[in-house]
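J.: Structure below; questions to follow.
The values are calculated or read from the model by the stated rules, or taken from the named source; none is laboratory data. This is a predicted model, so every value here is computed, not measured. Don't worry about glycine lacking a Cβ; one is built from the backbone with ideal geometry, like all the others, and counts go over all protein chains shown.
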Ligand SMILES: Nc1ncnc2c1ncn2[C@@H]1O[C@H](COP(=O)(O)OP(=O)(O)OP(=O)(O)O)[C@@H](O)[C@H]1O
Ligand SMILES: [Mg+2]
């Protein structure tokens, strides 16, 4: 088998399985999943409920550990990192957007957006200018000081996107980011992700079971019962 | 630095997500702290009053005696005229620095008093009436007659018990018999009762008589010698320091004692009393601790999704640990601020108004050979306040460890994004 150092891909999963045991029962959430993602890709993980999408995304960021197989992020084997190192890695390189409850409730939209930069210790002036510009870009101008509870679901998701983007991660993992949004809001969010992908070269890996969302991806990985059923590239259409 | 700042801010704001719980928790702790400070103030106040009371009833803040007198007594263990002179010159030259308000000479002896109605053993104190009046309270304890006058006239102030046993009233006469200090001769003297005193200390009132110092010296054939030079300070707290200074300057041929060694029973009583209240206070705080621990653990457990989010965002385990600790620190800070305020207010009340013991006792109370004043005035020091605040911080920190560990350990990623 090839060694981690030889791969040029951004993300690589090799023979990854994840089982959960609940009492007597063993649930195979993922079975022998192998795939690679290169820098700049815009990938959808598709599949019905329970097919293992969330499990897969969690494994990609080291939030969970595989029962078998290995995950490489860049040239790092995640199985060799401890919890502290994994957290540092996420802080530096991975952005996250979840279906809902992405934000820290006690922080304002602006504070949430700059959270990663704050944790990295970026100086105040540069940081604030950057975040203001980003919030404007995602259409949240004027809402900077609102707490998450005072924002709509779509607005909250935009803050999460701004946060993920502000950090300029190599990889953004998004678990059903549009699931709680109405069609219009969902599409504007997708447009935003798409633009960032093209303009900043940010790699996106997002899960969905919405066919309309899937269509926006450049590559679709279909999961069924924890297995990769298909992995196809789609012709990039002009937005 | 930025990171720490944002953690402190999040910790603070987290407190106010459940204001009722925070107020209840911090409120209970501050109430506990406030009560603790009031107890400490009253305890220390009562102890101080007991000590000062004892000093005013023939004790001293610092006493100089012949070596061995404290432990073995002995009427022959006296300070020579030369030693007395050295002590007074030391006291004189350090009067300001040590805060010395009075230097008194005293003579002690055991004797037998008898009247037509009987006889009883007594402790005789020879003292300088005019000087004692300035610092002691004997003259305030008279129930009949007058205090001694500073001449060689043969008068005595006698304890109420002595007066009762011998059926003596002011103006009546009785005989005192003692042994001379440096020879086995028995000396006797006819004394007239000047006054009868009641201090409230049973043992004292039953068997004490006061006579003028020159009378005592003559009776015991002491010449200019005395048994004790008693030093009274303006500040009780300086007793040990002053005694240490005395020891250094006066050398090993005399013994220099602070009130702690001069009145060991009182010292031990205070120690035990403090110990008792520590046990009580610890119990009290353990109950509070349970509440704080519960609050912290609950607040972490009900935020499991949030801790998973923090983890996903790259908020390291150490930082999550710190976050919970800081929430606890905020609670401790609030509690200490409010508790100190409450405690200090309580202290001020009892400092000015006093706590009348008649609420609890109907008669005079004594302990450790000293009288407990009928009204106790609070005495609260910064040392006590800092000590109590430290206790709250240390306790809160300890209690936060388990919840903090829960926040720091691996999070369940499947909670992310869920309702
Ligand atoms: N902590 C867990 N313990 C036991 N089983 C689990 C656990 N987490 C997930 N599973 C199971 O693993 C399988 C895959 O779950 P996963 O959440 O990855 O699916 P999903 O594709 O994200 O589904 P959905 O579209 O509903 O979000 C499911 O059968 C689920 O019940
Ligand atoms: Mg899912």
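J.: Select the strands (runs of 3 or more DSSP E) contained entirely in region A:1-104, then report the ones holding at least 1 residues which are away from every other protein chain (no Cβ under 11 Å) and surrounded by 14 or more Cβ atoms within 10 Å (Cβ to Cβ).
T.: Where strands (runs of 3 or more DSSP E) fall fully within region A:1-104 and carry at least 1 residues being away from every other protein chain (no Cβ under 11 Å) and surrounded by 14 or more Cβ atoms within 10 Å (Cβ to Cβ), they are A:11-22, A:25-37, A:42-46, A:68-73.
J.: Select, from B:300, B:254, the only residue that is touching a strand residue (DSSP E or B) at 6+ places or on another chain (Cβ under 8 Å) and crowded, with 20+ Cβ neighbours inside 10 Å.
T.: Going through B:300, B:254 in turn, just one is touching a strand residue (DSSP E or B) at 6+ places or on another chain (Cβ under 8 Å) and crowded, with 20+ Cβ neighbours inside 10 Å: B:254.
J.: Moving to a separate point now. Of the numbered conditions (1) within 16 Å of ligand 1 (Cβ to nearest atom); (2) free of Cβ contacts under 8 Å to residues at least 24 places away in the same chain; (3) in contact with a strand residue (DSSP E or B) (Cβ under 9 Å, 6 or more places away or on another chain), residue A:46 fails exactly one; give the number of that condition.
T.: Here residue A:46 clears every test but (2).
J.: Can you name every residue in region A:198-237 that is buried (at least 18 other Cβ atoms within 10 Å of the Cβ) and part of a helix (DSSP H, G or I)?
T.: Matches in region A:198-237: A:213 only.
J.: For region A:160-180: of the residues being surrounded by fewer than 21 Cβ atoms within 10 Å (Cβ to Cβ) and over 25 Å from residue A:129 (Cα atoms), which is nearest to the chain's Cα centre (by Cα)?
T.: Filtering first and then ranking leaves A:179.
J.: Turning to a different aspect of this structure: Take residue A:213 and tell me if it is more than 12 Å from every other protein chain (Cβ to nearest Cβ), within 16 Å of ligand 1 (Cβ to nearest atom) and either in contact (Cβ under 8 Å) with a residue 60 or more places away in the chain or in contact with a strand residue (DSSP E or B) (Cβ under 6 Å, 6 or more places away or on another chain) (or both).
T.: Answer is yes for this residue.
J.: Answer with yes or no whether residue A:127 is away from ligand 1 (no atom under 16 Å from the Cβ) and either under 30 Å from residue B:5 (Cβ atoms) or within 14 Å of chain B (Cβ to nearest Cβ) (or both).
T.: yes
J.: Take the residues of region B:5-42 that are within 14 Å of chain A (Cβ to nearest Cβ) and without any contact (Cβ under 8 Å) to a residue 24 or more places away in the chain: which is farthest from residue B:378 (Cα to Cα)?
T.: Within region B:5-42, the match that is farthest from residue B:378 (Cα to Cα) is B:6.
J.: Only one of B:180, B:130 is buried (at least 16 other Cβ atoms within 10 Å of the Cβ) and more than 16 Å from residue B:208 (Cα to Cα). Can you tell me which?
T.: Answer to the check: B:180.
J.: Right, something else. Being in contact with a strand residue (DSSP E or B) (Cβ under 6 Å, 6 or more places away or on another chain) and over 28 Å from residue B:344 (Cα atoms) is the filter here, so list the residues in region B:24-57 that pass it.
T.: Those that are in contact with a strand residue (DSSP E or B) (Cβ under 6 Å, 6 or more places away or on another chain) and over 28 Å from residue B:344 (Cα atoms): none in region B:24-57.
J.: How many of the residues in region A:178-191 are touching a residue at least 40 places away in the same chain (Cβ under 8 Å) and either in contact with a helix residue (DSSP H, G or I) (Cβ under 6 Å, 6 or more places away or on another chain) or within 18 Å of residue A:235 (Cα to Cα) (or both)? Steps first, please.
T.: To start, the set of residues in region A:178-191 that are touching a residue at least 40 places away in the same chain (Cβ under 8 Å) comprises A:179-180, A:188, A:191.
This time we only want the ones that are either in contact with a helix residue (DSSP H, G or I) (Cβ under 6 Å, 6 or more places away or on another chain) or within 18 Å of residue A:235 (Cα to Cα) (or both), so: A:180, A:191.
Qualifying residue count for the region: 2.
J.: Still on this model: Provide a single number: the residues in region B:207-235 that are within 21 Å of residue B:179 (Cα to Cα) and not in a loop (DSSP other than H, G, I, E, B).
T.: 14
J.: Filter region A:163-197 down to the residues that are in a helix (DSSP H, G or I), within 14 Å of chain B (Cβ to nearest Cβ) and modelled with pLDDT under 90, then identify the one that is nearest to ligand 1 (Cβ to nearest atom).
T.: A:164
J.: May I pose another question? With respect to residue B:387, determine if the residue is free of Cβ contacts under 8 Å to residues at least 12 places away in the same chain and within 16 Å of ligand 2 (Cβ to nearest atom). First the steps, then the outcome.
T.: Values: free of Cβ contacts under 8 Å to residues at least 12 places away in the same chain: yes; within 16 Å of ligand 2 (Cβ to nearest atom): no.
It is false that residue B:387 is free of Cβ contacts under 8 Å to residues at least 12 places away in the same chain and within 16 Å of ligand 2 (Cβ to nearest atom).
J.: Another question, if that's okay. Taking residue B:72 as the residue in question, decide whether it is surrounded by fewer than 22 Cβ atoms within 10 Å (Cβ to Cβ) and touching a residue at least 24 places away in the same chain (Cβ under 8 Å).
T.: no
J.: Which of (1) on the phi > 0 side of the Ramachandran plot; (2) buried (at least 20 other Cβ atoms within 10 Å of the Cβ) is the odd one out, the single condition residue B:316 does not satisfy?
T.: (1)
J.: Follow-up. For the structure I just gave you, tell me whether residue B:149 is within 32 Å of the chain's Cα centre (by Cα) and not in a helix (DSSP H, G or I).
T.: Here the answer is no, as residue B:149 does not meet what is asked.
J.: Also, quick follow-up: Under the condition of being farther than 10 Å from residue A:67 by Cβ and without any contact (Cβ under 8 Å) to a residue 12 or more places away in the chain, which residue from region A:12-25 is farthest from ligand 2 (Cβ to nearest atom)?
T.: If we take residues in region A:12-25 being farther than 10 Å from residue A:67 by Cβ and without any contact (Cβ under 8 Å) to a residue 12 or more places away in the chain, then A:24 is farthest from ligand 2 (Cβ to nearest atom).
J.: Among (1) surrounded by 20 or more Cβ atoms within 10 Å (Cβ to Cβ); (2) not in a helix (DSSP H, G or I), which single condition is residue B:361 missing?
T.: All conditions pass for residue B:361, except number (1).
J.: Looking at this structure, is residue A:118 at the interface with chain B (Cβ under 8 Å from one of its Cβ atoms), assigned to a helix (DSSP H, G or I) and either within 13 Å of ligand 2 (Cβ to nearest atom) or modelled with pLDDT under 95 (or both)?
T.: yes
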